[in-house]
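Nothing in this text is a laboratory measurement; each read-out follows from the coordinates by a stated rule. Just so it is clear, the model here is predicted, and its values are computed rather than measured. For neighbour counting, all protein chains shown are included, and Cβ atoms are generated from backbone atoms with ideal geometry for every residue, glycine included.
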Amino acid sequence: MQAGLDDKLVRLSAFRWLEKQVAAHGDVLPRTLLQEGFAIDGERVPLLSQQGIFKPRVLAEIPISITTTVHGPYDDSMSPEGLILYRYRGTDPEHTDNVGLRKAMFRRTPLVYFYAVAPGRYMPVWPVFVVGDDPDALMFRVAVDDRAFLDAYARAESNGIAGGEAKEEGRRQYVTAVVQRRLHQRGFRERGLDAYRRQCTLCRLKHAELLDAAHIIPDGEPGGDPVVENGLALCKLHHAAFDGFFLGVRPDYVIEVHPAILKEEDGPMLVHGLQGMHGTRIQLPRSSRHRPSPERLEVRYGRFLEKRGQAPIL
């Protein structure tokens, strides 16, 4: 395939390939798989590289993907209208990569957004569109759209999607907000489980399907950010017990079980699964910067003590 030909064919092939990979591997894909990409007409088409804005050589002008890196809870910020703010490459608005994204904006060309949930692991989102450009802030505004609208793209004679009506803008803002929340929560889970070596911090259970990243301060409250220090890796049982205040974790990382639970007799699961945790310490992440925040634990433990002062919770 010669560079610059069949831009739409390459993009549609990439979208179909991503659908197959997500169906086979789940919604978090490894960098190695995405760098290898797929073949079309004898040409290899990788979907990302070390650069955040990536154009494979089979495409003439417009990149195929934009990628975040793992720096914190929000790798790209949000604009007041609820769109993703994606940074320029470098500080030159006329850098080739920035020019390529600007062309994607003018031609309304769909891209893939790779959100880094952990080092070397990404959640792919498509289609996304560059819908704004702010050279002074060195930022593009990016919106996510419903995949159903790719049918119109496939049928269109051009390499872009026509539109621009107010209802389209409203739809994209809504879809973008929903997707952003899902990305941030999944990133919280992946980074949290990695920090705790993918095992429950209470019982050491290691089956990933049975593990959650539990918020210390609930999402949406002050201090409830989806960051590792606001989380605990817990199995399903201990997550439910923690959320229900059947047990609490003190700021010194010692576990306390509600007195009503300690007095109950209900078989080996209760004895070993909850009562046996009382007075033990949680297993901490190796990295001190990933340890649960004592300040957040103090707030949460205070709520646990409030529950202890009430009638039995059973």
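Miscellaneous remarks
- Remark: spin-label model distance residue 182-residue 278 equals 4.3 nm, labels positioned 7 Å along the Cα→Cβ axis.
- Förster radius 41 Å - calculated FRET efficiency between residue 210 and residue 49, Cβ distance, rounded to 0.05: 0.70
- Helix 294-308 vs. the chain, principal-axis angle (Cα, 0 to 90°, nearest 10): 50 degrees
- Straight-distance crosslink candidates among lysines, where the alpha carbon sits under 18 Å from residue 8 and sequence neighbours closer than 8 are dropped: 55, 103
- The mean sequence separation of alpha-carbon pairs under 8 Å and at least six residues apart, normalised by the residue count of the chain, gives a relative contact order of 12 percent.
- Long-range HN-HN contacts of residue 201 with modeled amide H, under 5 Å: 233, 234, 235
- Label-point gap, in nm, between residue 270 and residue 243 - each point 7 angstrom along Cα→Cβ: 2.2 nm
- The angle between the Cα long axis of helix 166-195 and the longest principal axis of the Cα atoms of the chain comes to about 50 degrees, rounded to the nearest 10.
- Helix-only [θ]222 nm of the chain, DSSP H runs n ≥ 4, -39500 (n - 2.57) each, per residue, nearest 500: -10500 deg cm²/dmol
- Descending semi-axes in Å of the range 203-308, equivalent ellipsoid built from Cα gyration tensor: 22, 16, 12
- For the range 7-192, a simple Cβ point-charge model (Lys and Arg +1, Asp and Glu -1, everything else neutral) yields a dipole of about 520 debye relative to the Cα centre.
- Between the listed residues 280, 154, 80, the Cα displaced farthest toward the positive end of the dipole of the chain, a dipole computed from Cβ unit charges relative to the Cα centre, is found at 280.
- Degrees, to the nearest 10: 7-25 long Cα axis against longest axis of the chain: 20 degrees
- Anchor residue 236: lysines whose Cα lies under 18 Å away (excluding residues fewer than 8 positions away in-chain): 206
- The packing ranking, built from the mean of other Cβ atoms within 10 Å per residue, places the peptides 188-197, 170-179, 216-225 in the order 188-197, 170-179, 216-225, highest first.
- In a reduced charge model with +1 at each Lys and Arg Cβ and -1 at each Asp and Glu Cβ, the chain shows a dipole moment near 740 debye about its Cα centre.
- Within-12-Å neighbourhood charge of residue 293 [Cβ basis; K, R +1; D, E -1]: 0
- Ignoring aspartates and glutamates fewer than eight residues from residue 167 along the same chain, the ones with Cα atoms less than 20 angstrom from its Cα are 81, 145, 146, 151.
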